[in-house]
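Student: Can you keep this structure in mind? I'll have questions shortly.
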2 protein chains.
Amino acid sequence: MSPTKEDYLKILFELGGRTEQVPNKEIANRLSISPPTVTEMMNSLVKAGWVVYTPYKGSKLTHEGTDYAKKLIRKHRLWEVFLVKHLGFNINAVHPEAELLEHSTSTELADKLEAYLDFPEYCPHGGAISVDMMEEQEVKTVHLTEAAVGEPVRISRIVDEDKLLQYFENHDLKIGDRVKVMDRDASLDLITLHHGTTEKEIQISQTIAQYLFVEYL
Amino acid sequence: MSPTKEDYLKILFELGGRTEQVPNKEIANRLSISPPTVTEMMNSLVKAGWVVYTPYKGSKLTHEGTDYAKKLIRKHRLWEVFLVKHLGFNINAVHPEAELLEHSTSTELADKLEAYLDFPEYCPHGGAISVDMMEEQEVKTVHLTEAAVGEPVRISRIVDEDKLLQYFENHDLKIGDRVKVMDRDASLDLITLHHGTTEKEIQISQTIAQYLFVEYL
DNA sequence: ATTATTATTTAGGTTACCCTAAAAATAAAT
DNA sequence: ATTTATTTTTAGGGTAACCTAAATAATAAT
């Protein structure tokens with residue numbers, strides 16, 4: 001498996017390809033490549049048994065594809081823990097580093113690293129590390145865009161894209177913070193939040209809020 | 001720079017390309033690829049300024065190429081220290097792991113890792129880690145095949161190829177051991193050693209002995 | 001000084017992964 | 001129910017990194 005193919009599987013998983021069909025365009029956007037390249041790659045992933053592809057509809061991961069993606073994500077998150085906890089990296093800087101390392105990590109290395117880190121449950125962005133907990137976390141957790149208005153929730157995970165992390169940090173939002181959705185305006189693409197600690201009102205784009213996950217308390 | 005190109009630079013350095021012209025065949029053998037591929041790659045490395053190539057003669061690293069190779073080797077050795085000292089890898093198992101990791105290691109990561117490891121001087125195979133010490137070590141150190149008969153020496157470095165390490169372990173030779181060359185027979189390709197600790201006589205192939213470096217005491 | 005051997009290069013081909021432009025299919029809007 | 005807009009695919013191309021087979025250059029051996 002090439003790092004390139006691994007990236008496709010991981011993105012597919014992150015876009016919900018375990019349970020739903022992911023359209024090519026979303027993958028193209030996320031990886032910053034052209035749509036024809038995605039079509040081509042999907043056919044190759046189908047041939048290798050990682051993906052089920054319905055032309056003009058989108059792709060779903062097979063069982064094997066899902067497992068593979070989860071293992072990659074586990075490696076990614078283990079490295080993030082190491083980089084932050086032991087090497088003193090800033091939490092916003094670890095994503096690109098882990099993105100590279102994950103492709104160069106054998107199962108044996110991941111296992112030894114995990115033991116060395118004392119079996120951490122979550123990565124610095126709140127993502128579950130054990131492949132079994134990944135699905136569990138998915139069930140308990142909901143996109144901020146779907147959280148009920150007025151209900152207090154806790155920020156449990158932030159999709160670890162460099163620029164997104166910066167965006168949320170700029171708006172004083174981080175893992176563990178308690179917030180309450182005050183208003184959601186679809187036409188203006190705006191969500192207004194009440195921050196539990198600072199007691200301030202925060203406004204963020206609804207589109208971007210998709211990358212923020214919260215847990216009901 | 002692709003991992004592939006990085007591998008060529010590193011091999012070139014290891015084969016003495018800093019000071020001498022390395023013929024294509026040696027590179028082809030070491031990387032297990034065909035000679036035409038080496039020719040092609042050398043032209044590409046020349047164009048990028050890493051290598052000076054004399055057709056039918058061989059390749060030398062430019063100053064930039066040497067620096068690049070040294071940095072890669074530093075990363076490789078830092079990972080080896082981490083894998084052995086912290087993750088508990090067997091010394092003979094770390095080479096392939098480090099081989100992958102080195103290509104996914106930013107300078108920032110290498111620097112932080114080095115500090116975390118408390119600035120080790122040598123990798124588990126005895127190779128110097130600081131890019132400045134690499135040349136120094138080269139000067140003080142001589143191939144076992146060139147050590148004077150009867151002179152006591154200390155094994156200072158073993159080229160870290162998986163199979164070679166196994167070979168030397170099978171013959172009870174490891175970093176730090178004191179040995180004395182008793183006899184060298186070019187026609188039989190045999191070197192006879194006296195082991196300082198076990199007081200035993202050891203015979204190894206002269207061809208393979210090239211990958212063993214010793215330091216005069 | 002030829003001849004034989006070995007090393008290197010040229011020529012031509014393959015696969016992986018990327019692209020743009022144009023055609024076709026699907027979805028949305030009137 | 002058409003038209004319009006969007007998404008996807010097909011067609012045709014490019015580069016990187018590999019290959020084999022054949023030609024050429026360099027080296028070694030007679």
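The values are calculated or read from the model by the stated rules, or taken from the named source; none is laboratory data. Fair warning: this is a prediction, and the values are worked out from it, not measured in the lab. Here Cβ is always computed from backbone atoms with ideal geometry, including for glycine, and neighbour counts include all displayed protein chains. Areas reflect the complete protein model, heavy atoms only, side chains present, ligands, DNA and RNA absent. Shrake-Rupley method; radii C 1.70, N 1.55, O 1.52, S 1.80 Å.
Student: Counting only protein chains, not ligands or nucleic acids, how are B:THR192, B:THR39 ordered by accessible area (probe 1.4 Å), most first?
Tutor: From most exposed to least exposed: B:THR39, B:THR192.
Student: Moving to a separate point now. Given a 10 angstrom Cα cut-off, can you work out which residue in A:LEU87, A:LEU117, A:LEU190 is the most mobile in a GNM of chain A?
Tutor: For chain A, modelled as a Gaussian network with Cα springs under 10 Å, the answer is A:LEU87.
Student: Give, rounded to the nearest 20 debye, the magnitude of the charge dipole that the range A:27-150 has about its Cα centre when Lys and Arg contribute +1 at Cβ and Asp and Glu contribute -1 at Cβ.
Tutor: 360 debye
Student: Going toward the positive end of the dipole of chain A, with +1 on Lys and Arg Cβ and -1 on Asp and Glu Cβ, which of A:ALA48, A:HIS195, A:LEU113 do you reach last?
Tutor: Going by the Cα projections, it comes out as A:ALA48.
Student: Moving on. Restrict the search to the range A:43-124; then list the GluC sites (Glu not before Pro) that DSSP places in a loop and that have at most 16 other Cβ atoms within 10 Å of their Cβ.
Tutor: Counting only loop positions with at most 16 other Cβ atoms within 10 Å, the GluC sites (Glu not before Pro) in the range A:43-124 are A:GLU121.
Student: In Å, what Kirkwood hydrodynamic radius results for the protein assembly as shown from the alpha-carbon pair distances?
Tutor: The Cα-based Kirkwood calculation yields 25.1 Å.
Student: Additional query: Using a cut-off of 13 Å between alpha-carbon atoms, which aspartates and glutamates can reach B:LYS174, once sequence neighbours fewer than 8 places away in the same chain are excluded?
Tutor: B:ASP160
Student: For the range B:141-146, just list the computed ³J(HN,Hα) in residue order, Karplus coefficients 6.51, -1.76 and 1.60, θ = phi - 60°, integers in Hz, with x standing in for Gly and Pro.
Tutor: Per-residue couplings from phi come out as 9, 9, 4, 4, 5, 10 Hz.
Student: With every atom except the alpha carbons ignored, what do you get for Rg and Dmax of the range A:142-216, in angstroms?
Tutor: Cα radius of gyration and Dmax of the range A:142-216 are 10.9, 30 Å respectively.
Student: With +1 on the Cβ of every Lys and Arg and -1 on the Cβ of every Asp and Glu, and nothing else charged, how large is the dipole of the protein assembly as shown about its Cα centre, in debye rounded to the nearest 20?
Tutor: Working: 48 positive and 70 negative charges, 139 e Å.
My answer is approximately 660 debye.
Student: Given 0.36 nm per residue, what is the gain on full extension from B:SER106 to B:ASN43 after removing their alpha carbon distance, in nm?
Tutor: 20.0 nm is the gain from fully extending B:SER106 to B:ASN43.
Student: Still on this structure, please answer the following. For a Förster distance of 45 Å, can you work out the FRET efficiency between the beta-carbons of A:HIS143 and B:SER32, rounded to the nearest 0.05?
Tutor: It comes to 0.40.
Student: GNM on chain B, C-alpha springs below 10 Å: top fluctuator among B:SER205, B:SER156, B:SER59?
Tutor: B:SER205
Student: What are the extents of the Cα atoms of the range B:65-129 along their three principal axes, in Å, largest first?
Tutor: Sorted from largest, the Cα extents of the range B:65-129 read 31, 22, 21 Å.
Student: If the viscosity is 1.002 mPa s and the temperature 20 °C, what translational diffusion coefficient in µm²/s does Stokes-Einstein give for chain B when Rh comes from Kirkwood over Cα pairs?
Tutor: Rounded, D is 117 µm²/s.
Student: Please give the solvent-accessible surface of A:ILE208 in Å², to the nearest 10, using a probe radius of 1.4 Å with every protein chain present.
Tutor: About 40 Å², ignoring ligands and nucleic acids.
Student: OK, next. For chain B, what is the charge dipole size about the Cα centre, in debye to the nearest 20, if Lys and Arg each add +1 at the Cβ and Asp and Glu each add -1 at the Cβ?
Tutor: Dipole of chain B, to the nearest 20 debye: 380 debye.
Student: Which residues belonging to the range B:83-126 lose at least 40 Å² of 1.4 Å-probe accessible area when the assembly is complete, relative to their chain isolated?
Tutor: B:LEU87, B:PHE89, B:GLU97, B:LEU101, B:SER104, B:LEU109, B:LYS112, B:TYR116
Student: May I ask for the Rg/Rh ratio of the range B:3-61, computed from Cα atoms with Rh as the Kirkwood radius, given to two decimals? Kindly include the intermediate steps, with their values, before the conclusion.
Tutor: Working: Rg = 9.7 Å, Rh = 10.9 Å.
Value, to two decimals: 0.89.
Student: Using a Gaussian network model on chain A with a 10 Å cutoff between Cα atoms, which of A:THR54, A:THR105, A:THR141 fluctuates the most?
Tutor: Comparing A:THR54, A:THR105, A:THR141 in a Gaussian network model of chain A, the most mobile one is A:THR54.
Student: Follow-up. Can you compute 3J(HN,Hα) from phi for each residue in the range B:63-77, using the Karplus curve 6.51 cos²θ - 1.76 cosθ + 1.60 with θ = phi - 60°, rounded to whole Hz and x for Gly and Pro?
Tutor: Using θ = phi - 60°, the values come out as 4, 5, x, 4, 4, 4, 4, 4, 5, 5, 5, 4, 4, 4, 6 Hz.
Student: How charged is the neighbourhood of A:SER34? Take every other residue with its Cβ under 12 Å from the Cβ of A:SER34, and add Lys/Arg as +1 and Asp/Glu as -1.
Tutor: 0
Student: Solvent-accessible area of A:ILE11, probe 1.4 Å, all protein chains present, reported in Å² to the nearest ten, please.
Tutor: Accessible area, nearest 10 Å²: 20 Å².
Student: Return one quarter of the surface area of the convex hull spanned by the alpha-carbon atoms of the range B:1-112, equal to its mean projected area, in nm².
Tutor: Hull-based average projected area comes out at 7.1 nm².
Student: Exactly which chymotrypsin sites (Phe, Trp or Tyr not before Pro) in the range A:1-105 are in a DSSP loop and have at most 10 other Cβ atoms within 10 Å? Numbers along the way, then the final one.
Tutor: Working: sites: A:TYR8, A:PHE13, A:TRP50, A:TYR53, A:TYR56, A:TYR68, A:TRP79, A:PHE82, A:PHE89; in loops: A:TRP50, A:TYR56, A:PHE89.
Of the chymotrypsin sites (Phe, Trp or Tyr not before Pro), the ones in loops of the range A:1-105 whose Cβ has at most 10 other Cβ atoms within 10 Å are A:TYR56.
Student: Probe 1.4 Å, all protein chains in place: accessible area of B:THR19 in Å², nearest 10?
Tutor: Accessible surface of B:THR19 is approximately 70 Å².
Student: Right, something else. For A:HIS125, A:HIS103, what's the largest-to-smallest order of accessible area, 1.4 Å probe?
Tutor: So, going from the largest accessible area down, we get A:HIS103, A:HIS125.
Student: Here is a further query. Provide Rg and Dmax in Å for the range A:89-207, with only Cα atoms included in the calculation.
Tutor: 16.4, 50
Student: Using the heavy atoms of the protein chains alone and a 1.4 angstrom probe, what is the accessible area of chain B per residue in square angstrom?
Tutor: 50 Å²
Student: Quick one: go through the range B:157-197 and flag any residue whose amide nitrogen is under 19 Å from the point 7 Å out along the Cα-to-Cβ line of B:GLN203.
Tutor: Taking a point 7 Å out along Cα→Cβ of B:GLN203, the residues of the range B:157-197 whose backbone N falls under 19 Å are B:167-173, B:180-196.
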